[in-house]
1. Where residues in the range A:2-51 are at positive phi and out of contact with any helix residue (DSSP H, G or I) (no Cβ under 6 Å at 6 or more places or on another chain), which of them is farthest from the other protein chains (Cβ to nearest Cβ)?
2. Identify all residues within the range A:69-117 that are within 9 Å of chain B (Cβ to nearest Cβ), closer than 13 Å to residue B:68 by Cβ, open to solvent by 30 Å² or more (accessible area, probe 1.4 Å) and of a type outside the set (Asp, Glu); write none if there are none.
3. Being among the hydrophobic types (A, V, I, L, M, F, W, C) and either under 17 Å from the mean Cα position of the chain (by Cα) or at pLDDT 65 or above (or both) is true for just one of B:20, B:25. Which residue is that?
4. Within the range A:41-80, how many residues turn out to be outside any strand (DSSP E or B), within 12 Å of residue A:20 (Cα to Cα) and acidic (Asp, Glu)?
5. Somewhere in the range B:67-75, is a residue modelled with pLDDT of 95 or more and either more than 8 Å from chain A (Cβ to nearest Cβ) or open to solvent by 30 Å² or more (accessible area, probe 1.4 Å) (or both)?
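The values are calculated or read from the model by the stated rules, or taken from the named source; none is laboratory data. As the structure is a prediction and not an experimental result, all values here were calculated from the model. Here the Cβ positions follow ideal geometry from the backbone for every residue, glycine too, while neighbour counts run over all protein chains shown. What goes into the accessible areas is simple: the full protein's heavy atoms, side chains included, and nothing from ligands, DNA or RNA. Shrake-Rupley method; radii C 1.70, N 1.55, O 1.52, S 1.80 Å.
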Amino acid sequence: MTAVAARYAELRALDVEVLSVSTDSRFVHKIWQADELERMVPGGVPFPMLSDQNGRIGEIYGVYDEAAGVDLRGRFLIDPDGVIQAMEVLTPAVGRNVDELIRQVQAFQHVRATGEVTPSGWRPGQTALHPSPDLAGAVWKVWRPQQGQ
Amino acid sequence: MPENDDGCVSTARGPIGGNAKAAPARQEEREVTAVTARVGAAAPDFEASALVAGRFKNLRLSDYLGHWVVLCFYPGDFTFV
């Protein structure tokens, strides 16, 4: 969570609100914040830390591990209409990539603002595509896979 | 958002609407809840207790309509992968 906290200013600049959720109680969140997070991120984690103590929220999001009694590492990007645009679920041993999260936010915001679609690896300023029948079979004229790297 | 800086015993509703079920009275009554989170579909609403700027509050996902939201689940406090 501190990796997300460290990039929080960038996310806020994109009008993104972050909510973290685990099966820990809010009391444990408070002690974790005071005991450890504030030593890793100035001021501690700046976003709300939610408690899903019985896993029921994780269940409807498909991330609750009943055997372990915890929520798996799941990340959901939700647009201003409350629609899930992206999700990523990882087993606990591998952490997230905040760069990719921010890239996806930028891409989904571009799509929402312009109606264009973004090819693989798209970043702001790069060519996006206008979906139309004319584009069928003609993507090669305007975009190459190397651009997504 | 409600200003309820609650104490020890306040409960949050958890999932709201959709396939959400009321909290079971006993563990053995717990049923498998259908997963309702899918891309392109409405994010299931819920209410949860939270630590917000050092205070305790109940929050709903629907409080954030009109904004982009990143909802991050993680396995537990004091873990650091």
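1. Pass one, the range A:2-51, residues at positive phi: A:15, A:43-44.
Cutting the leftovers down to out of contact with any helix residue (DSSP H, G or I) (no Cβ under 6 Å at 6 or more places or on another chain) gives us A:15, A:43.
Working: A:15: 6, A:43: 10 Å.
Step by step, filter the range A:2-51, then rank; the result is A:43.
2. Across the range A:69-117, the qualifying residues are A:83, A:85, A:108, A:109.
3. Exactly one residue qualifies, and that residue is B:20.
4. Residues in the range A:41-80 being outside any strand (DSSP E or B), within 12 Å of residue A:20 (Cα to Cα) and acidic (Asp, Glu): 1 in total.
5. Looking through the range B:67-75, at least one residue is modelled with pLDDT of 95 or more and either more than 8 Å from chain A (Cβ to nearest Cβ) or open to solvent by 30 Å² or more (accessible area, probe 1.4 Å) (or both).
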